[in-house]
Structures are given as C-alpha cells and as structure tokens.
Amino acid sequence: MTENIKLHTDQRVTTMTIARPEKRNAITQDMYAAMADTLEDYAQSDAVRAFVITGAEDYFTSGNDLQDFSKRTRSDGVPPVIRFLTAISTCPKPLIAAVNGPAIGVGVTMLLHCDLIVAADTATFSTPFVQLGLVPEAASSLLLPATVGMAVANDMLLANRVLDAAEALRFGLVSRVAPSSDFATEVATIAGSLAQAAPTSMIKTKALIRHGKDQMAAQMERESVLFAEQLKSPEFAEVVAAKMQKRKPVFK
C-alpha cells in the first residue's frame, strides 16, 4: 500500500482516498497497484458492503501522472493501471464515487464504472486526452456516449469541454449534486444505506443492471493498445516536453 492511497473502514463502508494533494491527486502506477489491491480485496470481502472513492482536499484527481507513465518501462505481468481498470469495471459490489472537486481524465472515466456518483457543487469534469496526445481509456469511448449522449461526449473527448456539476447532473454523468457544506453527510448517508441493504440482492441487482455491456472489455482492450502506442508517440513526447518547459505543445 502506498502512502498516497488512504483507507478508512467504518460500519461496513470502506472509503479509499486518493491522497496526493501536492500533485492534485495525480495517479502513479504504484497508486494504481494499491487501488487495484484494495478493490480486489473489497470484491471478496464479506465484512465490507459499500465502497467510496474520493480525493483529498480540493481535487478528486487530475488524472494520470504523465511523467510517471512516460518513465515506466514495460515489465512482465499486467500493468497496474490495467489491473485497476479491470477491478473497477468488474467489481460485483456497489461502488460510490464522491467527486469532491475537479475530475480530469481517468477521474471522469472511472466514474463510468461506479454505481452512484455524488458530486460536490464545486466539481468539474474534463477528458483532455486528445490535448495530451493520447486516446480515451477505461472503455470511455463506448460508455461516455452511452451515458451523456454522442454530442456531449464528442464535445468532451474531442474539444475538451469542461462540465460543471449542474451540467454533469443534467447529462446523467452524476447521480446527485450536493453543496460542499453537506457533501460529506450526503455521501455517508448513501454509503450507509447501501451497506445496510441485503447484500446478495444488491449483488444480483447490480449484475442485472450491468448486463448487456459485453462490448466493454473488448473496447477497453482496443483503447489500451492505442493508449500504449500514443505513450511512445512524438505527440505525447511533445506534450511532456512542453509541460517541462512551461509552454504550449506544438503538433506538426
């Protein structure tokens, strides 16, 4: 377990906090490994019946730590990010996302695999993959259009439209919006309700709701291949160089 992933369990609810506020909760491969371990444990646990994912301080997450990803060499075994995406997309038990602030990149795409998404009224949602020289991941190229509609998904994935909390609620990306002052109470109430429900009924109901998304795993695999290609591309190299030099990237 990395120090940047915090866990707290109470009343059959585990809260996993992405805690790297000095980097706006950007996620490294080590953090993905810890998150995957935690989700895999939750899926097998009889003691914990609801799971909350949130971010520390003012951010949910700013997405992948691009410098960490650019430095990693290919190793044997399944990459931690793939382990995490598999764990969150196949988890049989309820997942709640508590979006306490800006959600960027995977901060949005992981929401498509959660069952209830509660957003603070200060939350925003953006998917700047093209602007980073990358492609969508987590089957978001399939699930986001199905969730918010093709027009809005195109606006987000191609033109990096940023949704505020009210827009995210209107388009169906989030379940509820709560004022920041009431946010923690709202999340705790929802999580507590799920944790007290009949566990087998909950699992079977989630399976029924998720049935019919057979294309998801195949789409996720296609995205991961293209994502890996783009990580090695001149476009992504230019994005990383531009960030280090504090300038805008220039694509030829």
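Once all protein chains are placed together, L132 keeps about 40 Å² accessible to a 1.4 angstrom probe.
With 5 Å bins beginning at zero, the pair-distance distribution over Cα atoms of the chain amounts to 1, 6, 13, 19, 20, 19, 12, 6, 3, 1, 0, 0 %. For the range 1-79, the convex hull spanned by the alpha carbon atoms encloses 92 Å³ per residue. Relative contact order for the chain: 18 percent, from Cα pairs under 8 Å spaced at least 6 residues apart, divided by residue count.
Backbone N atoms of the range 129-169 closer than 13 Å to the 7 Å Cα→Cβ label point of T185 are not found in any residue. Can you pick out the pairs among K6/K232; K23/K232; K93/K232 whose Cα atoms lie more than 26 Å from each other? The answer is K6/K232; K93/K232.
Work through the residues other than G149 whose Cβ is under 15 Å from its Cβ and net out their charges, Lys, Arg +1 and Asp, Glu -1.
Here the charged neighbours net out to 0.
The modelled label-to-label distance between E57 and R247, using points 7 Å beyond Cα along the C-beta direction, is 3.0 nm. Of the residues M244, M216, the one with the largest accessible area comes first in the ranking M244, M216, computed with a 1.4 Å probe on protein heavy atoms.
Rank these residues by their accessible area, most exposed first, probe 1.4 Å: R20, R49, R176, R222. Intermediate results must be reported in sequence, preceding the final value.
Numbers: R20 35, R49 70, R176 105, R222 130 Å².
Listed by decreasing accessible area, they come as R222, R176, R49, R20.
Using a probe of 1.4 Å on the protein chains alone, the accessible area found for T38 is around 10 Å². Compute the distance from the alpha-carbon center of the range 36-109 to that of the range 139-212, in whole Å. Their Cα centres are 15 Å away from one another. Computed from the Cα positions only, the extents of the range 111-176 along the three principal axes stand at 31, 21, 18 Å, in decreasing order. Computed with a 1.4 Å probe on the full set of protein chains, the accessible area for V130 sits at about 70 Å². For the residues I88, I209, a 1.4 Å probe over the protein chains yields an accessible-area ranking, largest first, of I209, I88.
Given the -39500 (n - 2.57) contribution per DSSP H run of 4+ residues, what per-residue ellipticity at 222 nm results for the chain, rounded to the nearest 500 deg cm²/dmol? It would help to have the intermediate numbers written out before the result.
Values: 11 runs with 117 residues, N = 252.
For the chain, the value works out to -14000 deg cm²/dmol.
Each DSSP beta bridge with both residues in the chain is either parallel or antiparallel, and the antiparallel ones are about 30%.
Using bins of 5 Å that start at zero, the share of Cα-Cα pairs per bin across the range 158-252 amounts to 2, 9, 8, 12, 13, 15, 15, 12, 8, 5, 2, 0, in whole %. All distinct Cα pairs of the range 94-227 go into the 1/r average, and the inverse of that average, the Kirkwood radius, is 15.6 Å.
Mind checking the alpha-carbon convex hull of the range 1-132 and giving the volume per residue in Å³? Could you put the intermediate results ahead of the total?
Values: hull volume 14.6 nm³, N = 132.
Given the Cα convex hull of the range 1-132, per-residue volume reads 111 Å³.
The values are calculated or read from the model by the stated rules, or taken from the named source; none is laboratory data. All of these numbers come straight from a predicted model, not from anything done at the bench. Every residue, glycine as well, gets a Cβ built from its backbone with ideal geometry; the counts of neighbours run over all protein chains shown. Ligands, DNA and RNA are stripped out before the accessible areas are found, and what is left, the full protein with its side chains, is counted by its heavy atoms. Shrake-Rupley method; radii C 1.70, N 1.55, O 1.52, S 1.80 Å.
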